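Note sheet for the following structure.
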Amino acid sequence: ENQDGPTEFRVSDQKNWKYEFLILLHEFVEYHLCKDRGIKEPDIAAFDIMYEKEREEGLHKPEDEPGHDIRAPYRKEHECAEQIEKILAFELGINWDQYGKDLIE
């Protein structure tokens with residue numbers, strides 16, 4: 001249980017409800033897997049901040065995701081969430097490659 005109250009998930013407006021649903025689904029799954037496995041939010045945030053600093057230094061492409069990095073403390077959880085996201089994208093008629101491009105624009 002969350003000792004600090006309810007957990008909120010917010011998704012930026014994507015002008016496409018299907019994209020918003022897929023993003024929310026991914027974050028929901030990843031969050032709960034991390035919670036179950038004891039991966040703490042401060043550790044995730046610290047890694048993401050470091051990764052984005054590396055991106056600014058040119059070490060990662062715009063389409064690279066921190067959760068795919070072998071160093072990510074939540075890599076396994078991210079990849080599981082992405083597989084579920086891909087299944088639902090397919091069922092919703094979303095082209096996975098186009099979805100990825102649209103999200104980085």
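I'd like to check something: does the range 2-14 contain any residue that is closer than 22 Å to Lys101 by Cα, surrounded by 14 or more Cβ atoms within 10 Å (Cβ to Cβ) and hydrophobic (A, V, I, L, M, F, W, C)? The answer is yes; a qualifying residue exists.
Residue-wise test of (1) within 20 Å of Phe9 (Cβ to Cβ); (2) in contact (Cβ under 8 Å) with a residue 12 or more places away in the chain.
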| position | (1), (2) |
| --- | --- |
| Leu33 | yes, yes |
| Ile44 | yes, yes |
| Lys53 | no, no |
| Glu56 | no, no |
| Arg75 | no, no |
| Lys86 | yes, no |
| Glu91 | no, no |
| Gly100 | no, yes |
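The residues of the range 76-98 that are within 17 Å of Ile39 (Cα to Cα) and over 10 Å from the mean Cα position of the chain (by Cα), listed by number, are Lys76, Cys80. For the condition assigned to a helix (DSSP H, G or I), in contact with a Phe, Trp or Tyr (Cβ under 7 Å, 6 or more places away or on another chain) and under 28 Å from Ile94 (Cα atoms), Phe28 qualifies.
Coordinate-derived values only; no laboratory data. Predicted, not measured: the structure shown is a model, and the values here were computed from it. Here Cβ is always computed from backbone atoms with ideal geometry, including for glycine, and neighbour counts include all displayed protein chains.
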